[in-house]
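Notes follow once the structure below has been shown.
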Ligand code: TA6
C-alpha cells in the first residue's frame, strides 16, 4: 500500500457521491463529501466516530446531509432572504488541484483542498462572484482542522457581505450528561425567543430541553465535556467570533424527517460562526475562518475553560 493511499483517497460514498477519505498513520480518519464540501466522519485512532450523522440522513441533492459538519454560507440560518443556511451545503464542490499557498504548512499529509465558485444559478439568487476554498486537514494527532478562504471575485467593483458557520454535530453519549465550558456569562441571541438578547449564567452550560442560542464574541476556545465517555472536545477557532449551540430535543426531532426521534440524545451542535456582524469583502479581498477540533480524555480539561481563566491563559 503506497503512503499516498494511506493519507488521501478519492472514492465513492453513499449513493455513489464522490468523497475523500483522509487517514493518519496512527489510525485516525476523516471523510469529506464533495457534495456540500461536507465532512461526514471523524474517527480517533481507536476507530471511534466523533461526529454525529443521523441514521435518517439523506445523501441526495438538494437536501443537505443531516450531521457531520455542514458549511453555512453565504447566510447563517434565516439571517437573510436566501434558503436557510445558504447554498454552499447543497452544491457539488471540486477538488482544488492548485490551491494558493498557505502561510503555515501543517506537517500533516492527510489533507484535501476543495473549491466552490459562484455558478450562473447562484448568481440569480445571490448576485456576487466568489471563490470559496476549503482545506480539511487531519493532523498527526488526529485533530481535525477546517480552513475556509473566501474571496470576492466581483468584477463590477461591488463588495458583498455574508454570515457563516461550521455547523458541527458532535456525537455525545447522553446529552443530559454533557456540559459546555467557555460560554459562561456571555451574551446570546435566543432563537427560541425571537432572537432576543440575554446574558448566560455563570456556570457551564448543561441540557434539559431544546436549545438554539447564538453566543456573541466568545473566547477562541470552547470545550464540550462528555462525562459518560470521559471525553472532551476542544473547539478552537479564528475569524469566527460567535458560537451557536443547538439541540432540537424531542418535539423538533420528531418534526425532522431526516432525523431519528431519539437521536437528539446523542448529538450536540456547537458551531464556530460569524453571525452577529456580517463579514464584508471588497473585490479582491479574502476572508479566512479556521476551526480546529480535538478530542481529549476529560481529565485533561474540566474547569480549565472558564472564560475568566481562558482569557488569562494562552
Ligand atoms: O444552527 C442552529 C439552527 O439554525 C437551528 O435553528 C436549526 O434550524 C438547525 O440550525 C438546523 O437547520 P437545518 O436547516 O439544517 O434543518
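We did not get these values from a lab; they are worked out from the coordinates using the rules stated. Fair warning: this is a prediction, and the values are worked out from it, not measured in the lab.
A Gaussian network model of the chain, with springs between Cα atoms under 10 Å, assigns the largest mean-square fluctuation among 133, 197, 236 to 197.
Sorted largest first, the spans of the alpha carbon positions of region 159-263 along the three principal axes are 42, 31, 25 Å.
What is the gain in length, in nm to one decimal, between residue 298 and residue 124 on full extension, counting 0.36 nm per residue of separation less the C-alpha to C-alpha distance? Show your work: numbers first, answer last.
On the way: separation 174, 0.36 × 174 = 62.64 nm, distance 4.80 nm.
Gain in length upon complete extension: 57.8 nm.
Which whole-number value in Å³ per residue fits the convex hull of the alpha carbons of region 1-153?
Working: hull volume 19.4 nm³, N = 153.
Given the Cα convex hull of region 1-153, per-residue volume reads 126 Å³.
Rg and Dmax of region 229-294, both derived from C-alpha coordinates alone, stand at 16.1, 47 Å. Look at the Cα gyration tensor of region 35-108: its axes a ≥ b ≥ c give a/c of at least 1.5 with a/b at or below b/c, and that counts as oblate.
Report the full-extension gain for the segment residue 280 to residue 174: residue separation times 0.36 nm, less the Cα-Cα distance, to one decimal in nm.
Working: separation 106, 0.36 × 106 = 38.16 nm, distance 3.92 nm.
Result for the pair: 34.2 nm of gain on full extension.
Computed over all pairs of different Cα atoms, the Kirkwood value for the hydrodynamic radius of region 194-233 is 12.6 Å. Looking at region 130-174, the pairs of alpha carbons with a distance over 16 Å make up 59% of the total. As a ratio to 2.2 N^0.38 Å, the alpha-carbon radius of gyration for region 152-212 is 1.63. Ranked from largest, the principal axis spans of the Cα set of the chain equal 51, 49, 43 Å. Can you give me the C-alpha center-to-center distance between region 141-156 and region 109-132, rounded to a whole angstrom? Here the answer is 10 Å between Cα centres. As an equivalent ellipsoid, region 87-216 spans semi-axes of 33, 23, 14 angstrom, where each value is the square root of five times an eigenvalue of the C-alpha gyration tensor, largest first.
Dividing the convex hull volume of the alpha carbon atoms of region 1-69 by its residue count, what do you get in Å³ per residue?
Per residue, the Cα convex hull of region 1-69 comes to 83 Å³.
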